[in-house]
Amino acid sequence: MLGALLSLLFIGLLICAFLFSKTTKEFPKSWFEWKTEFRYQYLGIVGLIHDAQHAARDRVALYKQPDRIAVITGGNRGIGLRIVEKLLACDMTVVMGVRDPRSAEAAVASIVDLKATKGKLICEQLDVGDLKSVKAFAQLIKDRYSKVDLLLNNAGIMFAPFKLTADGYESHFAINYLGHFLLTHLLMPKLKAAGKEGKNARIVNVSSCVNLIGRINYKDINGTKHYYPGTAYSQSKLAQILFTRHLQTVLDAEKAHVQVNVVHPGIVDTDLFEHSATTSIPIFKKLFFKTPERGSRTVVFAAIDPSIEGQGGTYLSNGGKGPFHPDAKKPAKCEQLFQYSCDLLKIQQYGNGEF
């Protein structure tokens, strides 16, 4: 009798854990949605275990780099805010591309003494999901600076309801991937100007472990026939990795002193989970998820650590290499998305900075 009660209790706890950690507050309506949720649950558990196992190596050593210019999308909250804090501690000039520059500066000022730091903070308007805004921001950077040492493609959304941007793209695909694809293209001449033998300029794309269940749906990239937030998110995160891998191939062929890496920051307690069921039990995130400060470490590691100099195209997690989607190991798959993206944006020669 006691064994049966314990079994029922265990099953009940599993059901509760599932219900309160879904990617959406709504209940799955089809087998496809159920399957997506189960796969997310599995990856979440694996991710939490990986974060715990590799906590000791999840570190980054900061050092002074007063001559370097870093451009970051987002950065006014969560992981991004802690990334900016670390870059300013390195005495860099940090240019934040954000939707609301005034509130972003106030957010940074709440954790960094901007009068005392030797780093320089500049906040400019950018909506990475709006291609016109991306072009305007890139032009401002090109007009103001002779080089860009670091580009951190950090801004993103997760599990959001269906929405098309002004350019007609699904919001996850536009914000997490396509806008950054364009921004990287436009700023590439400045990155190449910064890189030199033995010290590459660096591009860091912030992705996620859910790339492992991603699929690029070329027949319906916006997911209009069957939209599910988790599917849209995982597609955008896989896209970032395919892009990273092929771009490094292109840069290597050009012998450019630029490297591009992609990072899974870990399972982190941030506002990105605002659309998920985890908001019902915030104590769960506080107990088991990384803090934003910890989540920022591998991103900054990818941006500045000398130990990965020349190791572009690498997927990093918890301060080391991590597992990624099999398609990202196939050059043809990576090139397919790269060319598809160029065609969408009508880019003739990627990386020449022209549009």
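From the helices alone, meaning DSSP H stretches of at least four residues, give me the mean residue ellipticity at 222 nm for the chain, per-run term -39500 (n - 2.57), in deg cm²/dmol to the nearest 500. Show your work: numbers first, answer last.
Numbers: 10 runs with 153 residues, N = 355.
Estimated from H runs of four or more residues: -14000 deg cm²/dmol.
With respect to the chain, whose longest principal axis is taken over its alpha-carbon atoms, helix 2-19 is tilted by about 30°.
Sorted by packing (mean other beta-carbon atoms within 10 Å per residue), highest first, where do 68-80, 37-49 land? Show your work: numbers first, answer last.
On the way: 68-80: 24.4, 37-49: 16.4.
The peptides rank, most packed first, as 68-80, 37-49.
Over the chain, with a Gaussian network built from C-alpha contacts below 10 Å, which listed residue (Ile83, Ile267, Ile221) shows the highest mean-square fluctuation? Checking each option, the largest mean-square fluctuation is seen for Ile221. Dipole orientation for the stretch 28-345: of the candidates Tyr169, Ser207, Ser341, Ser207 has the Cα lying most toward the positive pole (charges on Cβ; Lys, Arg +1; Asp, Glu -1).
The 3J(HN,Hα) values that the Karplus relation (6.51, -1.76, 1.60; θ = phi - 60°) gives for the stretch 335-349 are, in residue order, 5, 4, 5, 4, 5, 4, 5, 4, 5, 4, 8, 6, 8, 7, 10 Hz. Gly and Pro appear as x. Under 16 Å from a label point 7 Å along Cα→Cβ of Glu293: give me every residue in the stretch 80-95 with its amide N that close. Zone members listed by number: 80-90.
Near Val268, the amide H atoms lying under 5 Å from its own belong to Lys290; only residues 5 or more places off or on other chains count, and H is placed 1.01 Å from N.
Take each peptide in 293-300, 59-66, count the other Cβ atoms within 10 Å of every residue, and average; sorted highest first, the result is 293-300, 59-66.
Remark on Asn154: its backbone amide H falls under 5 Å from those of Thr73, a criterion applied only to residues 5 or more positions apart or on other chains, H modelled at 1.01 Å from N. Quick check on the chain: of the DSSP beta bridges with both residues there, what percent are antiparallel, nearest 5%? Approximately 10 percent, going by the DSSP bridge assignments.
Among 90-101, 327-338, sorting by the average number of other beta carbon atoms lying within 10 angstrom of each residue, highest first, gives 90-101, 327-338. Return the carbon/sulfur percentage of the accessible area of the stretch 28-345, one whole number, probe 1.4 Å, all protein chains in place. Summing carbon and sulfur atoms, their accessible area is 55 percent of the total for the stretch 28-345.
Computed from backbone phi, the HN-Hα couplings of the stretch 98-115 come to 9, 6, 10, x, 5, 5, 5, 4, 5, 5, 5, 5, 6, 10, 10, 7, 5, 7 Hz, rounded to whole numbers (Karplus: 6.51 cos²θ - 1.76 cosθ + 1.60, θ = phi - 60°; Gly and Pro given as x). Derived scalar couplings between HN and Hα for the stretch 38-43 equal 4, 5, 5, 4, 4, 5 Hz in order, rounded to whole Hz, by the Karplus curve 6.51 cos²θ - 1.76 cosθ + 1.60 (θ = phi - 60°), x for Gly and Pro.
Which entries of Lys147/Lys330; Lys190/Lys255; Lys120/Lys255; Lys132/Lys190 have Cα-Cα distances beyond 27 Å here?
Numbers: Lys147/Lys330 32 Å; Lys190/Lys255 15 Å; Lys120/Lys255 31 Å; Lys132/Lys190 20 Å.
Long pairs (Cα-Cα over 27 Å): Lys147/Lys330; Lys120/Lys255.
Judged by the ratio a/c of the largest to the smallest principal axis of the C-alpha gyration tensor, the stretch 92-155 counts as oblate, that ratio being 1.5 or greater while a/b is no larger than b/c. The H on the amide N of Ser207, modeled in the peptide plane, is under 5 Å from the matching H of Val263, His264, each at least 5 residues off or on a different chain.
With the other protein chains left in place, how much accessible area per residue, in square angstrom, belongs to the stretch 28-345 at a 1.4 angstrom probe?
Working: 13140 Å² over 318 residues.
Here the residues of the stretch 28-345 average 41 Å² of exposed surface.
The values are calculated or read from the model by the stated rules, or taken from the named source; none is laboratory data. Nothing here was measured: the structure is a model prediction, and the numbers come from that model. Virtual Cβ from ideal backbone geometry, glycine too; neighbours counted across all protein chains shown. All accessible areas refer to the heavy atoms of the entire protein, side chains included, with ligands and DNA or RNA removed. Shrake-Rupley method; radii C 1.70, N 1.55, O 1.52, S 1.80 Å.
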